[in-house]
Amino acid sequence: MLIWVLLVFPSYEVGYASVYADKYNGKRTASGEIYDRNEQVAAHPYLPFGTLVKVKNLRNGKWVEVRIIDRFLPTKGRFINLSRRSARLIGWRPSDRVKVSIRRLPRGVRTFVQRGVASWYGGKFHGRKSACGIRFDTYKMYAAHKTLPCGAVVRVVNLDNGRSVKVRIVDRGPYRRGRIIDLSYAAARRLGMVRRGTARVRIEVVKWPPVVRWR
């Protein structure tokens, strides 16, 4: 079972954690479950709701198993948001790096799949350093996504004409409501959506980075 998990999601992730503010206690999460600061739960950018993960504090070696029940936008290397109890069990400090590995996925989950609207970008962004630390090239098969890790390879299918393309996640965005992925000009042209500017798409991760190190 463990081998199967490693094939469809990254083997592990390394970065920083944050902790839910107490004002969210008793509030409904993205999964529909009510957040309880005294339970061993967490929010994560993309792992399916119900996934059980091991969170290890790399400073002191303490670890805890938590269940993913909410979403969290990665920022400044922070990629998991822990409940108050979970953070206490590993002796969490804001400067601590953590390692997260999957213990169990929900039954029937194969990989990350998402439907929504794609847009494309280039122009003034061409040649600029991306959020993933590389130079964005609008003539390569690149894309931006809000939560998927840098380096993930995604198949994008245009639901209006059936065309598809594989792109690599190298940036963050788009942040306009309803849009799920921002494509390079080259990818948008392959999908036949340059003139219109947007398209209804289905995206699926076909290759995860073996190790994710959040920036």
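We did not get these values from a lab; they are worked out from the coordinates using the rules stated. If you're wondering where the values come from, they're calculated on a predicted model, not measured in any experiment. Don't worry about glycine lacking a Cβ; one is built from the backbone with ideal geometry, like all the others, and counts go over all protein chains shown.
What do you get for Rg/Rh over the range 159-215 if you use C-alpha atoms and the Kirkwood form of Rh?
Result for the range 159-215 is an Rg/Rh of 0.98.
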At q = 0.23 Å⁻¹, what log₁₀ I(q)/I(0) does the range 113-210 have when each alpha carbon counts as one equal point scatterer in the Debye sum? -1.21
Starting with the highest mean, order 63-71, 108-116 by the number of other Cβ atoms within 10 Å, averaged over the residues of each peptide. 63-71, 108-116
Would you please give the residues with an amide H less than 5 Å from that of ARG104, counting only those at least 5 places away or on a separate chain, with H modeled from the backbone geometry? LEU52
How many nm separate the modelled label positions at THR75 and ARG155, each set 7 Å beyond the Cα in the direction of the Cβ? 3.4 nm
Tell me which residues come under 5 Å, amide H to amide H, from TRP120 once H is placed; ignore anything under 5 positions away on its chain. LEU183
Once phi is turned into θ = phi - 60°, what whole-Hz ³J(HN,Hα) does the Karplus curve with 6.51, -1.76 and 1.60 give for every residue of the range 28-37, x standing for Gly and Pro? 6, 8, 4, 7, x, 7, 7, 6, 10, 4
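State, to one decimal in nm², a quarter of the convex hull surface area for the C-alpha atoms of the range 75-165, i.e. the direction-averaged projected area. Numbers along the way, then the final one.
On the way: hull surface 36.5 nm².
The directionally averaged projection comes out at 9.1 nm².
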Under the rule of at least 5 residues apart or a separate chain, name every residue whose amide H is placed under 5 Å from the amide H of ILE80. SER18
Using the Karplus equation 6.51 cos²θ - 1.76 cosθ + 1.60 (θ = phi - 60°), what ³J(HN,Hα) coupling, rounded to whole Hz, does each residue of the range 145-156 give in order, writing x for Gly and Pro? 9, 5, 10, 5, x, 4, x, 5, 9, 10, 8, 10
Log10 I(q)/I(0) at q = 0.18, 0.24 Å⁻¹ for the range 122-179, from Debye over equal alpha-carbon scatterers, is -0.65, -1.06
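State the volume of the convex hull built on the alpha-carbon positions of the chain, expressed per residue in Å³ and rounded to an integer.
Details: hull volume 27.1 nm³, N = 215.
Here the figure is 126 Å³ per residue.
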